[in-house]
Amino acid sequence: MRLVVVGDSLLDVDVEGTAERLCPDAPAPVLDVSAERARPGGAALAATMASRDGVDVTLVSALADDEDGHRIRSLLDVPGVFGPSGAPTSVKTRLRCGGISLARIDRGGGPGEPKATDEMLDAVLSADFVLASDYGRGLLRDERLRAVLTRVPVVWDPHPRGPAPVPDARLVTPNLAEATAFSGHADPFEAAEELLSQWRSRAVVVTRGSGGALLHCGGTPVAVPAPKVSVLDPCGAGDRFAATAAARLAAGATPDEAVADAVLSAARFLADGGVSGMAGAPLSTVDAVRARGGVVVATGGCFDVLHAGHVRMLRAARELGDCLVVCLNSDASVSRLKGPERPVNRQADRVEVLRALGCVDEVVVFPEDTPERVLRDLRPDVWVKGGDYTAELLPETAVVRHWGGRTVIVPYHRGRSTTEILSRRA
């Protein structure tokens, strides 16, 4: 499955520091800067999120030929097809202290009519599914691009300064403020009903932050509650929601399944620190353990049909350190390794079940057949596999040795394997 994210890309910059005094000539806090971090924003952020979920994704966007535009390109870890923007790159710089934004400085953007090139249109047409990520900079107003978007299945993440979604969009994802502005109704039920008709979409979901989401497909609306999480910075939650919903619909989920998964994904994203948690090392849990001198343990596999053998192995692995990260094969990876009828349980379900186990601290999905790349990112102190493997034969063993890590084999429990469970059902 190939997902194309098309829309406006920005540059986001976080300037982190401490604020312990006021400016002598004005009642304003003084930020003593300790770090500055830049990352792709807008459509580029949504594409990055989808890629980190193991989705085959391409970004289609307009970028200025300026220093900030080149900086976005250098930060991207997804393939892209780019055209000229016609305006300077939009840059959002947030001044932050203790995980809270004190102020935001915006520059760039401005008048400009980005035009989709033939190469951009071809990339969109080649997609199995499209996420239109509108940040009001004009790309999604391009008439040729809009005509192409009527020919592919699309999830549309709208913006108050942007155009209406193309007709027949599979799902449109306004937040409550956007839905109110578009529809004139403050009530989410009335707003969703009005927009479903106004936009001629197949489904509209109004996201409501801690209030969850309201999905309207033309029948009885579906209310999806959100888990309670502590939120210091909601930035990026909408992109996280839209990227998950698009990937799930592309994988064959129904709208209510996709929205339920997207709500959980956005909540988890915020609980892990939001966009700030995406900078540097991939996992905030790992950062916290390392900061206090703890031992990071990792293990990996498909974990398709979770059984007692899995649980015993995971518990044993967790006992070897201070946190356990499970490196999970993506759906496409499982199919390549195990055959076209696998996985039995989709990726989002496998992640949810693993995270529910008390011995698992985090789950990272990787798209490759083996986890060497994700291990280089995590750099665990201990890599654990079940006793049906030999450490010397594992390609991961040589990888973890590079930073002084070690591979440990834990007991194998015979008679308990996914293959045997499925064969007994056949």
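Things worth noting here:
- Top-ranked residue in segment 72-81 [being buried (at least 18 other Cβ atoms within 10 Å of the Cβ) and farther than 20 Å from residue 235 by Cα; ranked as nearest to the chain's Cα centre (by Cα)]: 78
- Among the residues of segment 262-271, the ones that are charged (D, E, K, R) and over 12 Å from the mean Cα position of the chain (by Cα) come to 0 in all.
- Set 84, 40, 27: member being open to solvent by less than 20 Å² (accessible area, probe 1.4 Å) and free of Cβ contacts under 8 Å to residues at least 60 places away in the same chain: 40
Residue-by-condition table, conditions (1) assigned by the TED database to the domain that holds residue 48; (2) on the phi < 0 side of the Ramachandran plot; (3) modelled with pLDDT under 90; (4) more than 21 Å from the chain's Cα centre (by Cα):
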residue: 348; (1), (2), (3), (4): no, yes, yes, no
residue: 360; (1), (2), (3), (4): no, yes, no, no
residue: 385; (1), (2), (3), (4): no, yes, yes, yes
residue: 390; (1), (2), (3), (4): no, yes, yes, yes
residue: 393; (1), (2), (3), (4): no, yes, yes, yes
residue: 396; (1), (2), (3), (4): no, yes, yes, yes
residue: 402; (1), (2), (3), (4): no, yes, no, yes
residue: 412; (1), (2), (3), (4): no, yes, yes, yes
residue: 419; (1), (2), (3), (4): no, yes, yes, yes
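- Residue match in segment 57-65 (condition: open to solvent by 10 Å² or more (accessible area, probe 1.4 Å), touching a Leu at 6+ places or on another chain (Cβ under 8 Å) and over 26 Å from residue 121 (Cα atoms)): no
- Inter-residue pairs, beta-carbon under 6 Å, first assigned by the TED database to the domain that holds residue 207 and outside any helix (DSSP H, G or I) and in segment 168-187, second open to solvent by 50 Å² or more (accessible area, probe 1.4 Å) and of a type in the set (S, T, N, Q), 6+ apart: none
- Residue in segment 318-340 that is over 18 Å from residue 396 (Cβ atoms), in a helix (DSSP H, G or I) and of a type in the set (A, V, I, L, M) present: yes
- Test set (1) at pLDDT below 90; (2) within 18 Å of residue 96 (Cβ to Cβ); (3) not aliphatic (A, V, I, L, M) - residue 54 fails condition number: (2)
- Considering residues of segment 356-375 that are assigned to a helix (DSSP H, G or I) and either free of Cβ contacts under 8 Å to residues at least 24 places away in the same chain or touching a Ser or Thr at 6+ places or on another chain (Cβ under 9 Å) (or both) only, the residue most open to solvent (accessible area, probe 1.4 Å): 373
- Test set (1) open to solvent by 20 Å² or more (accessible area, probe 1.4 Å); (2) at negative phi; (3) part of a loop (DSSP other than H, G, I, E, B); (4) not assigned by the TED database to the domain that holds residue 172 - residue 294 fails condition number: (1)
- Residue 206 being at pLDDT 95 or above and in the same structural domain as residue 274 (by the TED database): yes
- Residues of segment 300-334 satisfying the condition of being in contact with a Cys (Cβ under 7 Å, 6 or more places away or on another chain) and not basic (Lys, Arg): 300, 314, 324, 329, 334
- Failed item, numbered, when residue 118 is tested on (1) out of contact with any strand residue (DSSP E or B) (no Cβ under 8 Å at 6 or more places or on another chain); (2) modelled with pLDDT under 95: (2)
- Residues of segment 189-215 that are among the polar types (S, T, N, Q), open to solvent by 70 Å² or more (accessible area, probe 1.4 Å) and under 25 Å from the mean Cα position of the chain (by Cα): 210 alone.
- Positions within segment 216-248 being more than 18 Å from the chain's Cα centre (by Cα) and buried (at least 21 other Cβ atoms within 10 Å of the Cβ), in sequence order: 216
The values are calculated or read from the model by the stated rules, or taken from the named source; none is laboratory data. Keep in mind the model is a prediction, meaning the values are calculated, not measured. Because the Cβ atoms are built from the backbone with ideal geometry, glycine has one as well, and the counts that use them run over all protein chains shown. Side chains are part of the model used for accessible areas, which takes the heavy atoms of the whole protein and leaves out ligands, DNA and RNA. Shrake-Rupley method; radii C 1.70, N 1.55, O 1.52, S 1.80 Å.
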